[in-house]
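The values are calculated or read from the model by the stated rules, or taken from the named source; none is laboratory data. It should be emphasised that the depicted structure is a prediction, and the values quoted were computed from it without experimental measurement. All Cβ positions, even for glycine, are placed from backbone atoms using ideal geometry, and neighbour counts span all protein chains on display. Surface accessibility is based on the protein's heavy atoms, side chains included, excluding ligands, DNA and RNA. Shrake-Rupley method; radii C 1.70, N 1.55, O 1.52, S 1.80 Å.
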Amino acid sequence: MRLSWTAFTELLRCTLLGHLRNRLALVLAVAFIPVWIAVARLCTSDVVVRVWLDAVSAPVSARASQVGQVASALGAITMVAGFITFTETFQSRQMDRRLLLAGYPRLPMLLAKLAAVALTASLLAFYTTILLWISLPVRHTGPLALALAGAGLAYGGIGLLLGSLVRGELEGFFLIIMLSLVDTGLQNPVFNTLMDVTGVAALPLYGVNQLALSSALTPHVPWSHGLLSLTWSATTAALALLVLHTHRPSRSPWSLRSRFRPS
């Protein structure tokens with residue numbers, strides 16, 4: 001038990017330090033999110049639009065610029081959380097193999113990475129909520145923050161899974177960008193007013209998008225929709241654990257040669 005706790009805390013510390021050393025990730029977190037929200041505010045008109053929200057089972061009237069800012073904030077968090085988690089997971093794979101060979105337990109290793117994802121998503125959500133609160137007349141700040149954190153958790157889990165599976169960084173970046181663009185594009189009520197595209201409810205951002213828009217623009221708070229992102233996070237975490245569990249790191253040919261070299 002003590003070994004597992006020590007492994008968890010040490011791996012969590014190393015993971016968080018890896019995030020802090022990633023300068024590109026810090027720049028994206030600090031600069032990209034407010035810039036993306038500002039672009040949505042400047043490039044979207046103030047015309048009042050009526051959008052259908054499944055969470056409240058009714059159409060909602062709001063300015064297109066306000067709707068666009070909430071949707072853009074969700075999209076920015078998905079990209080930043082996905083990039084941060086994927087980059088750290090991909091770059092630490094060699095170290096993870098060495099730790100497994102050294103006898104570190106697998107479950108604390110994954111739990112440490114999940115804890116880092118949760119902390120990252122929480123910080124990004126707190127920062128983005130402040131930005132939206134400054135820019136919008138947000139009705140329910142707490143539920144909006146939970147929705148943003150759910151978006152970070154969902155795509156952080158996807159980044160964790162891709163970082164464990166893909167063979168190159170370019171493939172991982174491409175998959176995260178394409179999934180985020182498709183997801184945010186279909187979930188944005190400014191472009192998809194009726195929200196009636198088949199299969200849109202199965203995408204990672206569906207639940208948190210409904211919770212975020214309802215919390216920011218209506219007096220309703222559909223808590224149940226926010227739980228859908230936890231389903232995505234739990235699924236990707238379980239798949240990452242399966243990948244880690246089935247992976248059997250082998251010693252390099254050089255280490256085996258040196259081990260059995262005759263004296």
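With r defined as the distance between the Cβ atoms of LEU242 and GLU169 and R0 fixed at 25 Å, what FRET efficiency is calculated, to the nearest 0.05? It comes to 0.65. What you get for segment 1-103, charging only the Cβ of Lys and Arg (+1) and of Asp and Glu (-1), is a dipole of about 300 debye around the Cα centre.
Helices assigned as whole DSSP H runs in the chain whose Cα atoms extend at least 20 Å along their own long axis and whose mean Kyte-Doolittle hydropathy is 0.0 or higher are found at 2-21, 64-91, 106-135, 141-165, 169-187, 223-246. Our helix-only sum for the chain, with -39,500 (n - 2.57) per DSSP H run of n ≥ 4 divided by its residues, gives a mean residue ellipticity at 222 nm of -24500 deg cm²/dmol. Test of the criteria: in segment 140-233, which chymotrypsin sites (Phe, Trp or Tyr not before Pro) are in a DSSP loop and have at most 10 other Cβ atoms within 10 angstrom of their Cβ? Hits after loop and neighbour filter: nothing returned.
Under 5 Å from the amide H of ARG63 lie the amide H atoms of VAL49, each residue being 5 or more positions distant or on a separate chain, with H modelled from the backbone and absent for Pro and chain starts.
Assuming charge only on the beta carbon of Lys and Arg (+1) and of Asp and Glu (-1), the dipole of the chain about its Cα centre is about 1320 debye to the nearest 20. Proximity of backbone amide H atoms, modeled 1.01 Å from N, is registered between TRP52 and VAL60 at under 5 Å, excluding neighbours fewer than 5 places apart on the same chain. Accessible surface calculations at 1.4 Å, restricted to protein heavy atoms, place the chain at 52 Å² per residue.
The heavy atoms of VAL182 present about 70 square angstrom of accessible area, all protein chains included, probe 1.4 Å.
Solvent-accessible area assigned to carbon and sulfur over segment 27-145 amounts to 67 percent, based on a 1.4 Å probe. Largest accessible area first, the residues SER233, SER214 order themselves as SER233, SER214 under a 1.4 Å probe with ligands, DNA and RNA left out. Does segment 109-210 classify as rounded, prolate or oblate by the C-alpha gyration tensor (a ≥ b ≥ c root eigenvalues; a/c under 1.5 gives rounded; else a/b over b/c gives prolate, otherwise oblate)? Oblate shape, in that a/c is at least 1.5 and b/c is the bigger or equal ratio. Along the axis of the charge dipole computed for the chain (Cβ charges of +1 for Lys and Arg, -1 for Asp and Glu, origin at the Cα centre), the listed residues ALA112, ALA31, ILE134 are led at the positive end by ALA112. Applying 0.36 nm per residue to the separation of VAL35 and LEU181 and subtracting their alpha-carbon distance, the gain on full extension is 50.9 nm.
Distance between the pseudo-spin-label points of ARG63 and ASP46 (7 Å out from Cα toward the beta carbon): 0.5 nm.
Based on C-alpha pairs under 8 angstrom that are at least 6 apart in sequence, the chain has a relative contact order of 24 percent.
Of the residues VAL27, VAL208, VAL70, which exhibits the maximal mean-square fluctuation in a Gaussian network model of the chain defined by a 10 Å Cα contact cut-off? Its mean-square fluctuation being the largest, the pick is VAL27. Protein-only accessible surface at a 1.4 angstrom probe places the residues GLU10, GLU171, GLU88 in the order GLU171, GLU10, GLU88, largest first.
Between the listed residues VAL48, GLY68, TYR206, the Cα displaced farthest toward the positive end of the dipole of the chain, a dipole computed from Cβ unit charges relative to the Cα centre, is found at TYR206.
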